[in-house]
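For reference, the structure discussed in these notes is given below.
Laboratory data are not the source of any read-out in this text; all were calculated from the coordinates shown. Worth saying up front: this structure is predicted, and the values here are computed from it rather than measured. Note that each Cβ is placed from the backbone with ideal geometry, even for glycine, and that neighbours are counted across all protein chains shown.
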Amino acid sequence: MMKKRVLGVLLSAAMAASMLAVPSTVSAEEDKLLVYGIYKSGDQTWFLDEGAAAQKAVEEAGGEFIYVDVKLSPEEYLKALDNAIANGASGVVTCTPDQTMSQAVVDKLAEAGIPVVAADDALEADGEKLAPWVGINAYAIGATNGEWIANYAIENNLVDDPEVGLLLMTIDTVSGCVPRTDGEYDKFTELCPDFDTDKIFRADNDGTTDKGNTAAAAVITAHPEIKKWLVTGANEESCIGAARALESAGLDADACVVGLGGYMAKDEYKKEGGSCMKASTYFSSDAVGAGSVEVLLDLIAGNDVEMETAVDAIIVTPENYEEVMGDAAK
């Protein structure tokens, strides 16, 4: 049976360390620790913060960290792997742009004798993890979102309102994202059994704000009978995209969006006049970034490691986000 370890949320700031650009060549001495962090969407806030925490952990261990943004491109990802191998990387922490690449990634690095840890999205085949993974406790975090938005519906007498709909911003192409929306759906319907499930909609997207906006706008436009939208989903960017779509449709005043991550919600909370994003589950990118390096360093040292390290989360609202998130709320 695969072991699982759950880390408590680190409520400290996302690290402010600057990201290192990828050089064309890197000279690595045999005994020098050189870690590559290869991320599928490295321009997103989550990955920037996660990479900064990973960099800090590597530097504290006396090594060098190379941050690589492959811009959701499998081709760029394979080039980054080749660079890591050519430059004598000690290890790799990574989030792949396409999980169907998992076996090829693990095999390529294994052949080069380079250990790898998956961050956020697992390296897996047929549902089995091929390498140690560090990420969020997906279903439980989704259930936390579902509980909050269900209680919001109950407290605001929205459960039986014929003008209310629930929109789930799904990312079904990523295995780690599916349990998030499953948890949201299951907990919401458990707590609101009288809610009409025909008014629960899904907007699948790639997890970016732009695609989330487009997907949400399509659902909103197709259902003009819904005037009051409850929205949650698989990541923060797609929920922000939905918030922008609601604003464009003039429906944001009666909407409630619950994000997943908290790293963009904090900016929504600071907006003059408020935002339709009312809450978000916060989990620390620091915990994932530093945790992935911790596991990798154990692998490099030849130690046994857990195959799953999961981070829990807590709901943040405009009332408590500064206290909960600390410096990360800035």
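Observations on the structure shown:
- Computed P(r) (all Cα pairs; the range 108-254; 10 Å bins; percent): 12, 37, 31, 13, 6, 2
- Listed by chain and number, the lysines whose C-alpha is less than 22 Å from the C-alpha of Lys278, apart from same-chain residues fewer than 8 away, are Lys187, Lys199, Lys211, Lys227, Lys228, Lys266, Lys270, Lys330.
- Residues listed by number, the range 92-118, amide nitrogen under 18 Å from Ala301 label point at 7 Å toward C-beta: 92-93, 115-117
- Compactness of the chain, taken as the C-alpha radius of gyration over 2.2 N^0.38 Å, stands at 1.01.
- Springs between Cα atoms under 10 Å define the GNM used for the chain, and in it the highest mean-square fluctuation of Thr197, Thr208, Thr173 occurs at Thr197.
- Remark: the Cα gyration tensor places the range 144-208 in the prolate category, a/c being 1.5 or greater and a/b exceeding b/c.
- Burial order of peptide ranges 211-220, 96-105 (average beta-carbon count within 10 Å, highest first): 211-220, 96-105
- Among Ala222, Ala125, Ala253: highest mean-square fluctuation, GNM of the chain, C-alpha pairs under 10 Å: Ala222
- Here the range 263-330 is assigned +1 on the Cβ of each Lys and Arg and -1 on the Cβ of each Asp and Glu. Its dipole about the Cα centre then comes out at about 440 debye.
- Under 9 Å, Cβ to Cβ, from Asp160 - net charge with Lys/Arg +1 and Asp/Glu -1: -3
- Overall form of the range 78-192 per C-alpha gyration tensor (a/c, 1.5; a/b vs b/c): prolate
- Here Tyr321, Tyr39 are placed in order of increasing Cβ neighbour count within 10 Å, fewest first, which gives Tyr321, Tyr39.
- Computed about the Cα centre, the dipole magnitude for the range 138-282 is approximately 380 debye when only Lys and Arg (+1) and Asp and Glu (-1) carry charge, each at its Cβ.
- The chain: angle of helix 178-191 to the longest principal axis, Cα-based, in degrees nearest 10: 30 degrees
- Sorted by Cβ neighbour density within 10 Å, fewest at the top, the residues Leu123, Leu48, Leu191, Leu296: Leu191, Leu48, Leu123, Leu296
- Under 5 Å between amide hydrogens, built in the peptide plane, is the criterion, and for Asp204 it picks out Thr170 among residues at least 5 positions away or on other chains.
- Length gained when the stretch Ala86-Asp43 is fully extended (0.36 nm per residue, less Cα-Cα span): 13.0 nm
- Against the chain, whose longest principal axis is taken from its Cα atoms, helix 102-111 shows a tilt of about 10°.
- The distance between label points at Asp194 and Asn156 comes to 1.8 nm (points 7 Å beyond Cα on the Cα→Cβ vector).
- For Asp196, net neighbour charge (Lys/Arg +1, Asp/Glu -1) across residues whose Cβ lies under 11 Å away: -3
- Simple Cβ-charge dipole of the chain, Lys/Arg +1 and Asp/Glu -1, about Cα centre, in debye nearest 20: 280 debye
- Qualifying GluC sites (Glu not before Pro) in the range 234-330, DSSP loop, other Cβ atoms within 10 Å at most 14: Glu272, Glu319
- In this simple spin-label model, placing a label point 7 Å from the Cα along the Cα-to-Cβ direction at both Asn320 and Lys227 gives a separation of 3.3 nm.
- Using a simple spin-label model with pseudo-atoms 7 Å out from Cα toward Cβ, Asp186 and Arg202 lie 1.5 nm apart.
- Reducing the range 59-103 and the range 164-196 to their Cα centroids gives an inter-centroid distance of 32 Å.
- The range 242-330: Rg to Rh, with Rh as the Kirkwood radius over Cα pairs: 1.16
- For GluC sites (Glu not before Pro), the sites in the range 101-194 that DSSP calls loop and that have at most 12 other Cβ atoms within 10 Å are Glu163.
- Among Ala140, Ala313, Ala61, the largest mean-square fluctuation in a Gaussian network model of the chain, built with springs joining Cα atoms closer than 10 Å, belongs to Ala61.
- Tilt relative to the chain, helix 209-222 - C-alpha long axis, 0 to 90 degrees, to 10: 30 degrees
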